[in-house]
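Written out below as C-alpha cells is the structure these notes cover.
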Protein chains: 2
Amino acid sequence: VRDLGQRSETIRRANLSAIVRALHEDGPQSRSDLVARTGLTRSAIRALVGELTAGGLAVEGPAVLLGRPGRPSPEVCLVPEAVTAVAVFIAVDSLSAAVVGLGGAILAEARVERPRGHMEVGVIADDVVGLINGLPRRHLHADTLAGVGIAVAGVVRRADGVVETAPNLGWRAAPLGELLRHRLGWDVPVLVGNEADLGVLAEVRRGAAIGATDVIYVHGEVGVGSGIIANGRPLNGSAGYAGEIGHFPVVPDGAPCRCGSYGCLETEVGGETLLARAGMPRDLGVSGIDALFAAAAAGDPVVLDAIAITGERLGTGLAGFVNMLNPRLIVLGGLFGRLLPFAEARILQAMARRTLAAPLALVEVVASKLGEDAPLLGAAELALEAVIEDPASRLEERDDTPALATA
Amino acid sequence: VRDLGQRSETIRRANLSAIVRALHEDGPQSRSDLVARTGLTRSAIRALVGELTAGGLAVEGPAVLLGRPGRPSPEVCLVPEAVTAVAVFIAVDSLSAAVVGLGGAILAEARVERPRGHMEVGVIADDVVGLINGLPRRHLHADTLAGVGIAVAGVVRRADGVVETAPNLGWRAAPLGELLRHRLGWDVPVLVGNEADLGVLAEVRRGAAIGATDVIYVHGEVGVGSGIIANGRPLNGSAGYAGEIGHFPVVPDGAPCRCGSYGCLETEVGGETLLARAGMPRDLGVSGIDALFAAAAAGDPVVLDAIAITGERLGTGLAGFVNMLNPRLIVLGGLFGRLLPFAEARILQAMARRTLAAPLALVEVVASKLGEDAPLLGAAELALEAVIEDPASRLEERDDTPALATA
C-alpha cells in the first residue's frame, strides 16, 4: 500500500508537470486543449487545474477576462508573478537583466551598453548585480523566485557554471556562477549557459522555431555562437561545449582569431569585421552596428557590399552545419538576424554551393523572432525548468516574505 | 477492468523488451544482473525469463554449459538462431552480406570485392541478392527472419530507403529499399541506412564505444562518412541525412568533388587521394589499400609521408566536429582505423591547432574495434530493433516453415 501511495504521488507530480509544461510552452488554453495535449482524462485535468489555481500558479476564466483576445471559452492561464526567474545576458557589447515569469512573460527588463574590451569577471559580476538591483523590487520576492539563469558569450561548463573560455570578454576558467551566487547571496540555484544554446531554447519554445525538432540557432555579435536542437532535444555535447561554430575553420591560414586558432568563421563574419569592411571603426559596438544597418536601409553601396560579402562567408559556414546536422530550420539571431533581409540571396547561394542537394532542399533560413531577447528568455527557461519539472514543490503554503535584497 | 488488462499487457511487453534489450546490448547475464539493470523485481524477472525460454528466444544455464568461460552461476543468454536479420553493406569497393542473430552474433557472412566505378542500382541489387542466396540456407528461415538491414555508402532518406545520392556509386534518388524488397520477395521489412550512421550504432553497442553517450564515428573508404551519437541517441537529422562530413569544406577553391562541390574533406583524405599521394594508381581499391598499409608497416618513407599528410587533413576536419559537437570519443573506422597507428600524432596535432581547448581536453580518438564489420553489424541492429522493441510478438507458436527462397 505504501508503494502504491508513493506511486500515485509520483504520478500526480508528473501530471501537474505535464499541465504546467503545456501552459508554459504553448500558452493559455482550455481544459479540452489540455486533455488533448496531455492525454489525461477530463476529470484528472479538472482536479489538477484546481490544485494549480488553489496554489496560485494558475487562474481560470473566459479569455476576455484574462485580458486576451480570442475565444470566449474559459481558459487556463499561468500566473507569471507566481513563479519568476531572474535572467541575465552577458554579451560582449551589453548587459541585460530581466525578471521573467512562468509562461515566459518579461515582467521587467534593464539593459546597458558596455564599453568594448576585456574586463575581469568580478567587475562584470558587480555590474550584473547592480543591474539586477535596479529592477523593480516588487518583482524580486524570495517566495516566488525560482532561480537565476545567465546567458554568456562564452564556452560554459554546464555542471558548475564555470566559463571555460570567453575570448571576446578575455575570460579563462571564470567561475561566473559561483561569483554571482555569492554576490547575490540568494538561496536559489544560479545556472549558466552559452548564449546561443539558450537562444535556441527560447526560439523553439516561443520564437521563430516553435515546435521544430531539428534547429540550429546562429547568433552573431562580436563573436559567433550556435545552439543546436536535434531530435527535439538540446544538443550540448559531453560537457556543454557543443555549437562552437564561431571557431570553425573556414579560411585555412586565415587571420588569427582571439581563440588562439586562425581563419575562424568568427573572424570573417563577426561584428568588428563587418564594421571594418563597411569602412567604419571596428570598435563602435552596438551603436555602430545600428548605424551600419541604418546606412544599409538607406542604400549605402559600400555598406551593402560589406553585408553581401559577410553574408557569403556566413553561408559557407552554414553549409557545413547543414551537411553535418540536416536541420529543418536555421534561425539567425543577433547581428545575423538583421543581416538576413539584406543578404538573403548571397547567404543562400553560398550555402547551395557547399551543401549536398538532399539536406539543402529541406532547410529554411529565417531570422530570430525574439532578437536580442532570445538568450535572455532562454536563460529564464534554464532557471524555470526545475519548477516546470515539479510544480508540486511550489504548491505548499508560503508566508509573505519581504522583497529580496543583495548582500 | 479492460483498461487495466490492456495496461498490464502493455507493461508486460515493455518489460520483456527491457530484458531482451539488456541481453542484446550487454550480452549474457544472471537474473541478478537483470534485476539490477532493469529495476524489475526478482519474481518479475523469473516469470519473464521463463516466457522467453519457453518461447525459444533465450536459454538459461551455467555459463560453462552455454560454452562461455567465466562465472559458474546460471546466466540468461539469447538464442541467436531464434531471431535473425540479414545484414548487407554496400561499400564502393565491396559488397558484404551476413546473417546476424539476436545478441549480435554473426552466424554466416560473405564478402566480394567489386570493380570500382559507377554501376546501376539494379545491377548492385542483383549482386546483393546473389550474395544473400549464397549464405547457408539453414540460417534463412521465414519464421526466424526479422528483417533485412542495409548499410550503404550514400545519403539515405530513412523513411522509405531511397538513396538520395551516392556520388561514389553514381546513384541519385535510387529506390534501393524498394528494389531489394521486390527482388527478395520476402515478407519482412527492408530498412536502409547510411554506412556510418549504422557503424556508430554498432561501435556503441558492441565495439570501441560501448556505453559512450557522445560519439562520432568517421568512416573512410573511397568516400568519407560519419555517424553521430549525441545524448546517447543517434543523431540522424530531420530526414536521416546528418553526418555528411565527407562533403565538408576544408580547402576553399580546392579540387572538385564528385558531389558537385569542391574542396571537400573527402577529396583530401579519401582512399583514392591517399593512394595517389603514395605514388600508387588511384583505382586499386581494397587490394591497393592493403598493399599501401603493408608498405607502411615495412617503413616505406613515401607511403608514410602520404599517410602523415592525409592524417593531418583528417585532423583538420575532425577539429570542426569537436568544436561543434563536443564528443567524448571519435572512433575512426574503415581506412581511417588503419591509418591511426601510423598517423596518430599528426591527426592530434592538426586537431589541436583548430579546436578550442575545453572540448579538445575531453575528446579521445580511437580506432574502430569492429573494422569492416561495423556498418554490417549496425545494419543488423536496424533490422532487429522492431523485435527488441516488442519481443512478445515473437513468442507466439510458429509452424516449421521451409527455408526462404528468393523469386
Quiz item: Does residue B:304 satisfy the criteria of being over 29 Å from residue A:350 (Cβ atoms) and at pLDDT 95 or above?
Solution: yes
Self-check item: When residues of the stretch B:331-357 are limited to those that are assigned to a helix (DSSP H, G or I), open to solvent by 10 Å² or more (accessible area, probe 1.4 Å) and within 14 Å of another protein chain (Cβ to nearest Cβ), the one farthest from residue B:92 (Cα to Cα)
Solution: B:357
Exercise. Only residues that are within 20 Å of the chain's Cα centre (by Cα), free of Cβ contacts under 8 Å to residues at least 60 places away in the same chain and more than 13 Å from chain A (Cβ to nearest Cβ): list them for the stretch B:161-175, please.
Key: B:161
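Yes/no matrix, rows are residues, columns are (1) buried (at least 16 other Cβ atoms within 10 Å of the Cβ); (2) more than 23 Å from residue A:386 (Cβ to Cβ); (3) at pLDDT 90 or above; (4) in contact with a Gly (Cβ under 7 Å, 6 or more places away or on another chain):
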residue: A:6; (1), (2), (3), (4): no, no, no, no
residue: A:24; (1), (2), (3), (4): yes, no, yes, yes
residue: A:30; (1), (2), (3), (4): yes, yes, yes, no
residue: A:36; (1), (2), (3), (4): no, yes, yes, no
residue: A:41; (1), (2), (3), (4): no, yes, yes, no
residue: A:44; (1), (2), (3), (4): yes, yes, yes, no
residue: A:49; (1), (2), (3), (4): yes, no, yes, no
residue: A:57; (1), (2), (3), (4): yes, no, yes, no
Self-check item: Candidate set: the stretch B:184-218, residues that are open to solvent by less than 20 Å² (accessible area, probe 1.4 Å) and of a type in the set (Gly, Ala, Ser); chosen: the one farthest from residue B:363 (Cα to Cα)
Solution: B:193
Quiz item: Right, residue B:241: within 23 Å of residue B:365 (Cβ to Cβ), buried (at least 23 other Cβ atoms within 10 Å of the Cβ) and touching a helix residue (DSSP H, G or I) at 6+ places or on another chain (Cβ under 6 Å) or not?
Solution: no
Quiz item: Within the stretch A:8-22, how many residues turn out to be more than 25 Å from the chain's Cα centre (by Cα) and among the basic types (Lys, Arg)?
Solution: 2
Exercise. Give the residues of the stretch B:193-211 that are within 14 Å of another protein chain (Cβ to nearest Cβ) and within 14 Å of the chain's Cα centre (by Cα), sorted by residue number.
Key: B:193, B:194, B:196, B:197, B:200, B:204, B:209
Exercise. Pairs only if they're at least six apart or on different chains, beta carbon under 6 angstrom, first in the stretch A:251-269 and more than 9 Å from chain B (Cβ to nearest Cβ), second surrounded by fewer than 16 Cβ atoms within 10 Å (Cβ to Cβ) and modelled with pLDDT under 80; list them, first residue then second.
Key: A:267/A:255
Practice problem: Please identify the pairs in which a residue from the stretch A:298-321 that is in contact (Cβ under 8 Å) with a residue 24 or more places away in the chain has its Cβ atom under 8 Å from the Cβ atom of a residue that is open to solvent by less than 10 Å² (accessible area, probe 1.4 Å) and of a type in the set (Ser, Thr, Tyr), counting only partners at least 6 apart or on another chain. | Solution: A:321/A:226
Quiz prompt | Scope the stretch A:212-226; condition within 13 Å of chain B (Cβ to nearest Cβ) and either among the aliphatic types (A, V, I, L, M) or under 15 Å from residue A:264 (Cβ atoms) (or both); matching residues | solution = A:212, A:215, A:216, A:218, A:223, A:224, A:225, A:226
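Just to check your reading of the model, which residue among B:132, B:150 is in contact (Cβ under 8 Å) with a residue 60 or more places away in the chain, in a helix (DSSP H, G or I) and surrounded by 22 or more Cβ atoms within 10 Å (Cβ to Cβ)?
B:132
The values are calculated or read from the model by the stated rules, or taken from the named source; none is laboratory data. What you see is a predicted model, and the numbers here were worked out from it, not measured in a lab. Positions of Cβ are backbone-derived with ideal geometry, glycine not excepted, and every protein chain shown enters the neighbour counts. Ligands, DNA and RNA are excluded from the accessible area calculation, which covers all protein heavy atoms including side chains. Shrake-Rupley method; radii C 1.70, N 1.55, O 1.52, S 1.80 Å.
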